[in-house]
1. Based on what the data block shows, is Met131 surrounded by 19 or more Cβ atoms within 10 Å (Cβ to Cβ) and over 24 Å from Glu40 (Cβ atoms)?
2. If I ask for residues that are of a type in the set (Ser, Thr, Tyr), under 24 Å from Glu227 (Cβ atoms) and either surrounded by fewer than 17 Cβ atoms within 10 Å (Cβ to Cβ) or not assigned by TED's automatic domain parsing to the domain that holds His217 (or both), which ones from region 160-201 would you list?
3. Determine, yes or no, whether Thr224 is over 24 Å from Gly39 (Cα atoms) and part of a helix (DSSP H, G or I).
4. Would you point out which residue out of His234, His217 is crowded, with 19+ Cβ neighbours inside 10 Å and either at pLDDT below 95 or under 16 Å from Asn174 (Cβ atoms) (or both)?
5. Being free of Cβ contacts under 8 Å to residues at least 60 places away in the same chain and either more than 12 Å from Cys203 (Cα to Cα) or not in a helix (DSSP H, G or I) (or both) is the filter here; which residues of region 112-125 pass it?
6. Could you check how many residues of region 70-92 are more than 15 Å from Leu52 (Cα to Cα) and touching a residue at least 12 places away in the same chain (Cβ under 8 Å)?
7. Mind counting the residues in region 170-208 that are within 21 Å of the chain's Cα centre (by Cα) and of a type in the set (A, V, I, L, M)?
Amino acid sequence: MSTGGKGGARRAGAGQGENDTNGRDRPLVVGIREAILSGEFVPKQRLVEADLSERFAASRASVRAALLELTNEGLIERVRNRGARVRAVPLEEAIEISEVRMVIEGLCAAKAAERITEEDIKELKAIGESMRSAVSSGDVLGYSQLNQRLHRRIRMISGQHTASNVLERLRAQNVRHQFKLAMYPGRTTVSLPEHLAVIDAICAHDAEAAEQAARAHLRSVIQTLPEVDQDRSHGYRGTT
């Protein structure tokens, strides 16, 4: 599948020269990462430097630097004599990633419970109600987007910037498995009460209960991943 074309991921600034700094390369890294997260660039897809250079209006040097950074993040791998491609994360690694997430998400939930404001409470409860509505109407993709929004807001409320950065990288590596999980029949009816329990505990300023609820949710994810991986009828096609 070609990486060429004009649409899709965010464009980086045009006309960048051979002496680009990491700061100037940042929009390009973000653009390629977003294309992977959205499913536009799929696992094992080749990422051709010339195509990426044209697509993002960036120099080849900038593209190489961006691919190197994303390789270090675990999103891309280098294949001998074939160049770069989107890395496919095996089930065993997906489980390990989720185990790490379980600890860090629990920390963020606990911190969020300590720091949450009345305005934040209103927002989290509104997200919870929207999630209820999405499940009731069978809107699986809408629910998945609300799920991501909820996790993102909890991280922001927690003030744990380091944890948030780590979780973003882990989520990016695990995006294919997360999408398959979201599409798995009946999964939303399981995860909805888990998410609502997290919201209730955070809004009640109960740090211990919030951490335990977040861990319970990720524990449920870990238990379900092998079952989902065996079901080939819900392959990864992106979330946009």
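1. Judged against the criteria, Met131 is a match.
2. Correct list: Thr189 only.
3. Considered against the rule, which asks whether it is over 24 Å from Gly39 (Cα atoms) and part of a helix (DSSP H, G or I), Thr224 comes out as no.
4. His217
5. Listed by number, the list holds a single entry, Thr117.
6. Going through region 70-92 one residue at a time, the tally reaches 9.
7. 11
The values are calculated or read from the model by the stated rules, or taken from the named source; none is laboratory data. For clarity, every value in this text was computed on a predicted model and none was experimentally measured. With ideal geometry, Cβ positions are generated from the backbone for all residues, glycine too; neighbour counts draw on all protein chains shown.
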